[in-house]
Amino acid sequence: MRALRWHGKEDIRCESVPDPQIEDPRDAIVRMTSCAICGSDLHLYNHFIPGMEKGDIMGHEFMGEVVEVGSSTKQLKVGDRVVVPFTITCGECEQCKRGNFSVCERTNRNADIAAKAFGHSTAGLFGYTHLTGGYPGGQAEYVRVPYADTTHVKIPDGLTDEQVLFLGDIFPTGWQAAVQCDIDPTDTVAIWGAGPVGQMAIRSAVLLGAKQVISIDRLPERLSMAKAGGAITVNFEEESVIERLNELTRGRGPEKCIDAVGLEAHVSMKHPDTVLDRAKQAVMLESDRPHVLREMMYVCRPAGVLSVPGVYGGLVDKIPFGAFMNKGLTLRTGQTHVRRWTDDLLRRIQEGQIDPSFVITHTVSLDQGPEMYETFRDKKDGCIKVVLKPH
C-alpha cells in the first residue's frame, strides 16, 4: 500500500509499504477513505517532538471502512464505516472507566519509555512519537486498529466523510478545550490561534454560550473564518493583544483563555521573550516556544481558567508562575479524551448545529501529501485544513 512516512525534519515521503495485518484478536483493518494533516503532524514534520524513527507512518486524523476484524472484535463487522480517534483506548482500565481516554493505562506499548519521559505513561496514539507507542498512522491506504471495539466511532448513513472526519481529533479537541473552561453566560473567552483547533474551539465556545469570543491570529484567511464563526478578531501583528483584550473586557481581562497554538508560537519579533525563545531553541537549551502561555497568564482575569489543547513537547522557561499563583488561575491541559465527547458531537452534527467541514481548504490525493505538508506549514494559498484522499 501507499503511505506517508517520516524520514527526518521536513522530509515526508509517499512510499510503498507492506499492508497491515491482524496481529491480535482485538484488531481490525480499516481501508482509509479520508485522512487529514493535523497541526500535531507539523510538530513532527518540524522535528520538535522526540521519539520519531525513520519510516514511521504519519497521520492521526482518519476514517474509513472496516475490511477485516480479529476473532475477539465483536462491535465491528466488515463494511462498517468508522472514524478512528487518535487516542487508542482499551475501555477497561481505571482511567478509561473514568473517561480519561488519553491516559489509558494499557495501550501504550512503549509505556516504560513514556514513564521515564513523563513520570507515568499516557495512552498509545496513532501516527505519533514512539513515546506514545509508535503505532503506524492513518495517512495510508490501510491501517491496523488495535483495541478496535473501543477505538472507533461508528458513522451512520447519510453523513459525508467531510462532515465527520474531524470527530477523530480537532472537533473534540476544540470542544474539550472549551468545556475545560467551565464557560458561564457572562464569560469572555479568548482563543490564541485560529488554525483548525482554534476554529473548533471558537464554535464550541459559542455553542456553550459564551457572551463574547475573541480570536487571536495574524493570517487574514484564518481571522476571516474566525469572524464567520462568531468571534471578534485580533491581529497580533497589527495591535497589542493585551491592550485589545483589556479594551474588550473593560480592563478586567478575559475570564477564560485557550491556547490553541502550543510549542511553535509565532509572534511579533518585537517581543523580547520571542527572540530569546528562538535563540535558546536553536542551540537546544529550550524545546518549546511558550509565548502564548505567558501572555495568557498575564492578561487572564484573576480566578480565571487557562485551557491548553495546544501541544507541548518538552521544556519551557520564563513562565510567570508568580502571576499564575497570585491571581488564583486554574490550568487545564491534556491530549483529548476523544471518546468522551464523540457521541454528543456526532448528534450535534446530525442535528445541524455544526458542520465541521467548513474548515477544509484543500482536498488532494495521498500522493500529494508531502508537498501539502509544506503548504500547510507555510499557510500558503490560505491553507487551514488539508484532507487527503487515498483512493
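The values are calculated or read from the model by the stated rules, or taken from the named source; none is laboratory data. Because the structure is predicted, anything quoted here is derived from the model rather than measured. Cβ atoms come from the backbone with ideal geometry, glycine included; neighbour counts cover every protein chain shown. Ligands, DNA and RNA are excluded from the accessible area calculation, which covers all protein heavy atoms including side chains. Shrake-Rupley method; radii C 1.70, N 1.55, O 1.52, S 1.80 Å.
Data overview
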| read-out | value |
| --- | --- |
| ³J(HN,Hα) computed for each position of the stretch 208-214 - Karplus, 6.51 cos²θ - 1.76 cosθ + 1.60, integer Hz, glycine/proline x | 8, x, 4, 5, 8, 10, 10 |
| Interchain or long-range residues, amide H under 5 Å from Tyr128's placed H | Gly134, Tyr135 |
| Glu141 long-range amide H proximity, modeled H, under 5 Å | Arg2 |
| Under 5 Å, built H, 5+ apart or other chain: amide partners of Gly55 | Trp6, His7 |
| Which of Ala231, Leu248, Ala140, positive extreme of dipole for the stretch 121-265 (C-beta unit charges) | Leu248 |
| Virtual spin-label span in nm between Asp182 and Val364, 7 Å along Cα→Cβ | 4.5 |
| Dipole-positive endmost among Phe126, Val30, Cys96 within the stretch 1-160 (Cβ charges, Cα centre) | Cys96 |
| 0 to 90° range, to nearest 10: angle between helix 369-378 axis and the chain longest Cα axis | 10 |
| Estimated FRET transfer efficiency when R0 is 22 angstrom, pair Gln350-Lys154 (beta carbons, to 0.05) | 0.95 |
| Listed peptides 3-10, 131-138 by packing density, highest first (mean Cβ within 10 Å) | 131-138, 3-10 |
| Global form of the stretch 33-135, assessed from the alpha-carbon gyration tensor, a/c cut-off 1.5 | oblate |
| Peptides ranked, highest mean first, by Cβ atoms within 10 Å: ranges 352-360, 190-198, 80-88 | 190-198, 80-88, 352-360 |
| Heavy-atom accessible area order for His130, His291, largest first, 1.4 Å probe | His130, His291 |
| Accessible area in the full protein assembly, largest first, 1.4 Å probe, for Val283, Val386 | Val283, Val386 |
| Dipole magnitude of the stretch 1-148, debye to nearest 20 (Cβ charges: Lys/Arg +1, Asp/Glu -1, about Cα centre) | 200 |
| Estimated inter-spin distance, Ser224 and Glu92, nm [label 7 Å along Cα→Cβ] | 5.2 |
| In Hz, Karplus ³J(HN,Hα) per residue of the stretch 225-234 (6.51, -1.76, 1.60; θ = phi - 60°; x = Gly, Pro) | 5, 5, 4, 5, x, x, 9, 7, 10, 10 |
| Cα centre as origin, Lys/Arg/Asp/Glu Cβ charges: the chain dipole, Debye | 740 |
| Ordering of 202-208, 25-31 by packing [mean C-beta count within 10 Å, highest first] | 202-208, 25-31 |
| The stretch 176-314 shape via C-alpha gyration tensor axes, a/c threshold 1.5 | prolate |
| Cα-based shape type of the stretch 316-388, given that a ≥ b ≥ c are square roots of the gyration tensor eigenvalues and the cut on a/c is 1.5 | oblate |
| Degrees between helix 272-282 axis and first principal axis of the chain (Cα, 0 to 90, nearest 10) | 30 |
| Contour minus Cα-Cα distance for Ile232 and Phe118 (0.36 nm per residue) | 37.3 nm |
| Taking N as its residue count, the alpha carbon Rg of the stretch 257-354 over 2.2 N^0.38 Å | 1.31 |
| For the chain, projected area of the alpha-carbon convex hull averaged over all directions, nm² | 18.0 |
